[in-house]
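Below is one structure, written out as structure tokens; comments come after it.
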Amino acid sequence: MGDHYFSEAPSSVDKPRRIRIPVAGREVEVTTNAGVFSPDRLDVGTRVLLTHTPAPPSGGDFLDLGCGWGPISFDLAGTSPHARVWAVDVNERALDLVRSNAAELGLDNINAVRPEDVPADVRFRTIRSNPPIRVGKAVLHDLMDGWIPRLDERSDAYLVVKRDLGSDSLQRWLDASLAHDFSVHRHATAKGFRVIKVRHHGAPRTEPLAID
């Protein structure tokens, strides 16, 4: 069986390549490699997420869950240079690519780490993710259970999932599983993908203002 992009130590022969991607409003060149997710180009789902989400907060701790070779992390770090971006993945080759590309781009506010290396007391001002749907529903739900509750109050997570790979069922599951001070809704739809927004409300829960 070949490597999956969620393999911890890909056995694929190195095949580095240079591609161009948008980062914080400009085009840059980065290096990708075999054995990681979408090494040939910025995948459609990630492009949809970057295009259909608001700018992140100006500072705080951010999470890119399942970062791959790092396009979401690079955009977050470039847009919010005073934030600390946690680029989290189990694929060691992907994490090495995040580190080397971040250094080349001058993005010194990215920590590319395995999940267990994120301190347990860190709370996130935003979470952005193109989650690894193909790990299976049970593993995916464990990921959501472990990370989404770590959103800070009055903060948002944005998840991009292809419609025919279960975006609507994931949205329903999140809505049913999260605590009462979270809300879940569809934020955007584009190119066969849904962007799901999860809001952690404050205490008392924040609600939209009624406009007369």
Heavy-atom accessible surface of the chain: percent carbon and sulfur, 1.4 Å: 51 percent
Gained length - Arg134 relative to Lys15, 0.36 nm times residue gap less alpha-carbon distance: 40.5 nm
Dipole-positive endmost among Leu105, Ser169, Phe193 within the chain (Cβ charges, Cα centre): Phe193
Å² per residue, accessible surface of the chain at 1.4 Å: 49 Å²
Mean ellipticity per residue at 222 nm, deg cm²/dmol - from DSSP H runs of n ≥ 4 across the chain, formula -39500 (n - 2.57): -7500 deg cm²/dmol
Per-residue ³J(HN,Hα) for region 115-129, Karplus 6.51 cos²θ - 1.76 cosθ + 1.60, θ = phi - 60°, Hz, x for Gly and Pro: x, 6, 8, 8, x, 5, 8, 6, 10, 10, 6, 7, 10, 10, 7
Only Lys, Arg (+1) and Asp, Glu (-1) charged, at Cβ; the chain dipole about Cα centre in debye: 640 debye
Per-residue ³J(HN,Hα) for region 82-94, Karplus 6.51 cos²θ - 1.76 cosθ + 1.60, θ = phi - 60°, Hz, x for Gly and Pro: 8, 8, 10, 9, 9, 9, 10, 7, 9, 7, 5, 5, 4
Sequence-distant aspartates and glutamates (8 or more away, or on other chains) whose Cα lies within less than 12 Å of Lys162: Asp43
Rough spin-label spacing in nm, given labels placed 7 Å along Cα→Cβ, for Ala176 and Ser58: 4.2 nm
Under-5 Å amide H pairs with Val28, H placed in peptide plane, nonlocal only: Ile21, Val23
Cα radius of gyration and Dmax for region 98-212 (Å): 15.7, 52
Nonlocal amide H pairs with Phe193, under 5 Å, H built at 1.01 Å: Arg163
Theoretical FRET efficiency, 1/(1+(r/R0)^6), r = Cβ-Cβ of His141 and Asp40, R0 22 Å, to 0.05: 0.15
Cβ-derived FRET efficiency at R0 41 Å, Arg123 paired with Thr189, nearest 0.05: 0.90
Folded to 0 to 90 degrees: helix 137-147 orientation relative to the chain principal axis, Cα: 70 degrees
Prolate/oblate/rounded label for region 1-112 (Cα gyration tensor, a/c 1.5): prolate
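The values are calculated or read from the model by the stated rules, or taken from the named source; none is laboratory data. Since we're looking at a predicted model, the values are computed, not measured. Cβ atoms come from the backbone with ideal geometry, glycine included; neighbour counts cover every protein chain shown. Calculation scope for accessible area: heavy atoms of the full protein, side chains included, ligands and nucleic acids excluded. Shrake-Rupley method; radii C 1.70, N 1.55, O 1.52, S 1.80 Å.
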